[in-house]
Amino acid sequence: MSAAKAIFVRQLNDFSKNMSVSMMYIIWPGLAFLMSYLMGEYGAAQVAMFAGMFVGSTPMIAIANTVAEDNEYKSLRFLVMAGVKPWQYLFGLTASVLMMSAISVAAFILIGDFTGQHLTQFLIISAMSCLASAILGGAIGIFAKNVQQASVIYTPAMMLLMFAPMLSMFNETIQRIAQFTFSYQVLQIVLTPDGDFTRALIIITGNIAALLAFFIIAYHKKGLRG
Amino acid sequence: MIQMTNIMKRFGDKTVLSDVNFHVEGGEIFGLIGPSGSGKTTIINILTGQFPPDSGKYQVGATSKQIGLMLEEDGLYSRLTTAENLNLFAGIYGVPKSKVQRALRNVGLGNDLKTPVAKLSKGMRQRLVLARAILHDPKILFLDEPTSALDPGTARGIHKLILSLRDQGATIFLTTHNMEEAVDLCDHVALLHQGKIVEHGSPKAICEKHNSYKTVPDLGSVFLKMTGVTVE
């Protein structure tokens, strides 16, 4: 466990110095705040949109970039040779990403002014969605040989997860597909507090299971050897 | 402590190692000498478990946590400081943070605790990698060309450090192009040429055998005689 903790601390240190990643934790709540402030009564819609964009991009990119970078610069090789188990590496990494994500989610809560049951539901859906996004990022990071390749893989995934829920508000066909993504569920939970929470839970659990399967395939094929 | 028996390794059609045999006693400095592409790094990669040999046996008398590594690629985190890089490994090995400062002082980076790795020179990076390798007082230390990018003064300091680690009981396996370094440091050396060990023994004994011991052992001449290649 000490190895996982060391990786967790290292990752938080690295995030604080990696502007391209740390900005992603700030920019989505920041934009939500700005748009809510400018648009007043439509604030919830802004939070919905940017929270959906946040879960569809930030945890995934943070993990994919880190794993790919550790692979590219052989840092992962030294960790493995120092006796770090793959699960310790991934646990430390995911925990740090989820912790950073929790801060962004807290900012969304403040901006959206969620209370009571709506707050609880938003918290649960956001946490599960961040986890799904992180698992996807882990799988992409394992598949990629370097950061550049990782960005080639995660960009289409990010586009789908970020924009499909937003565009689904204007197009029924897109809505039929987007409703099965975790980022859409985040958007929905903000916009429709009295919506079907159980259905949202089932869809996100399905997402996590599918992404976990994708991750296992990636790990089985490529492994984490650095 | 370290043993290789009839090791063979191929990459595609190319045989990189062929019938490699050697034995390293505990508490000695063993030097593997050879030109670029002779298979030195492949031997270290096999011994550190990065890939298996095609045939033959090898044995390393230490667990992964008892091994210190200094390889060609440094694997450092360039955004983090020198101390943060070592703190990570201190956490992994479960050693106190006070050892981080000690390790950095030992390699002459005591004043650079808060310097980001991205701002270090190549030689300083190399010293940092050595600090990482010795952080947990390893039983066995694998050093792939430990002084190749260092100025003579720093290299001498590193030599002193390697000798003191040996005196404390560590077994050191190093590769080098530098014959003087091999003579000064190593208790035993093996000359590797085209994937085969063409000579092995103590530097002094090898030089005496090949009449290359005048006032000091001239291992470079032996190397040229045995391999016919230019020493880098």
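To the nearest 10 degrees, how steep is helix A:197-222 against the longest Cα principal axis of chain A, on a 0 to 90 scale? With both axes taken from Cα atoms, the answer is about 20 degrees. Annotation note: trypsin sites (Lys or Arg not before Pro) in segment A:63-161 located in DSSP loop regions with a Cβ neighbour count of at most 12 within 10 Å are A:145. Dipole size of segment B:109-176 about its Cα centre, with +1 on Lys/Arg Cβ and -1 on Asp/Glu Cβ: approximately 180 debye, rounded to the nearest 20. Averaged over the residues of A:90-100, the number of partner chain Cβ atoms lying within 10 Å of the residue Cβ comes to 0. Here segment B:80-232 is treated with +1 on each Lys and Arg Cβ and -1 on each Asp and Glu Cβ, and its dipole about the Cα centre works out to around 520 debye. Report summary: the helix-based calculation at 222 nm, which adds -39500 (n - 2.57) for every DSSP H run with n ≥ 4 and divides by the residues of chain B, gives -10500 deg cm²/dmol.
Whole-Hz Karplus values for segment A:101-113 come out as 5, 4, 5, 5, 4, 4, 5, 4, 5, 5, 5, x, 6 Hz, taken residue by residue from phi with 6.51 cos²θ - 1.76 cosθ + 1.60 and θ = phi - 60°; glycine and proline positions read x. Between amide H atoms placed 1.01 Å from N, distances below 5 Å from residue B:201 occur with B:189, all of them 5 or more places distant or on a separate chain. Segment A:172-223 and segment A:102-162 have Cα centres separated by 11 Å.
Taking Lys and Arg as +1 and Asp and Glu as -1, the other residues whose beta-carbon sits under 13 Å from that of residue A:151 total -1.
Per residue of peptide B:72-80, the mean number of Cβ atoms on other chains within 10 Å of the residue Cβ is 6. Applied to segment A:179-194, the Karplus parametrisation 6.51 cos²θ - 1.76 cosθ + 1.60 on θ = phi - 60° returns per-residue 3J(HN,Hα) values of 4, 8, 9, 5, 5, 5, 5, 5, 4, 5, 5, 6, 6, 10, x, 9 Hz, with x for Gly and Pro.
Only protein atoms count toward the accessible area here, which uses a 1.4 Å probe; on the protein assembly as shown, the carbon and sulfur part of that area reaches 59 percent. For residue B:119, the lysines whose Cα comes closer than 24 Å to its Cα, not counting residues fewer than 8 places off in the same chain, are A:17, A:74, B:97, B:99.
With a 1.4 angstrom probe, the accessible area lost at the A-B interface totals about 2000 Å². From helices alone, chain A scores -29000 deg cm²/dmol at 222 nm; the rule is -39500 (n - 2.57) for each run of n ≥ 4 DSSP H residues, then divide by the residue total.
Since only B:104, B:124, A:120 are under comparison, the one whose Cα sits farthest along the positive direction of the charge dipole of the protein assembly as shown, derived from C-beta charges on Lys, Arg, Asp and Glu, is B:104. Under 17 Å of direct C-alpha separation, and excluding same-chain neighbours fewer than eight residues apart, residue B:204 reaches these aspartates and glutamates: B:28, B:180, B:181, B:184, B:187, B:218.
Of the trypsin sites (Lys or Arg not before Pro) found in segment B:77-108, those that fall in a DSSP loop while having at most 13 other beta-carbon atoms within 10 Å are B:97. In this structure, the pairs whose alpha-carbon distance is over 30 Å, taken from A:145/B:160; B:9/B:139; A:145/B:9, are A:145/B:160. Going from the chain on its own to the full set of protein chains, segment A:200-226 has these residues losing 10 Å² or more of accessible surface (heavy atoms, 1.4 Å probe, no ligands, DNA or RNA): A:225. Computed from point charges on the beta carbon alone (+1 for Lys and Arg, -1 for Asp and Glu), the dipole magnitude for segment A:1-157 about its Cα centre is near 560 Debye. The C-alpha atoms of chain A define a longest principal axis, and helix A:116-143 lies at about 40 degrees to it. Taking Lys and Arg as +1 and Asp and Glu as -1, the other residues whose beta-carbon sits under 12 Å from that of residue B:71 total -1.
The values are calculated or read from the model by the stated rules, or taken from the named source; none is laboratory data. Everything quoted here is computed from the prediction, not taken from an experiment. Please note: Cβ atoms are built from the backbone with ideal geometry, for glycine as well, and neighbour counts cover all protein chains shown. Ligands, DNA and RNA are stripped out before the accessible areas are found, and what is left, the full protein with its side chains, is counted by its heavy atoms. Shrake-Rupley method; radii C 1.70, N 1.55, O 1.52, S 1.80 Å.
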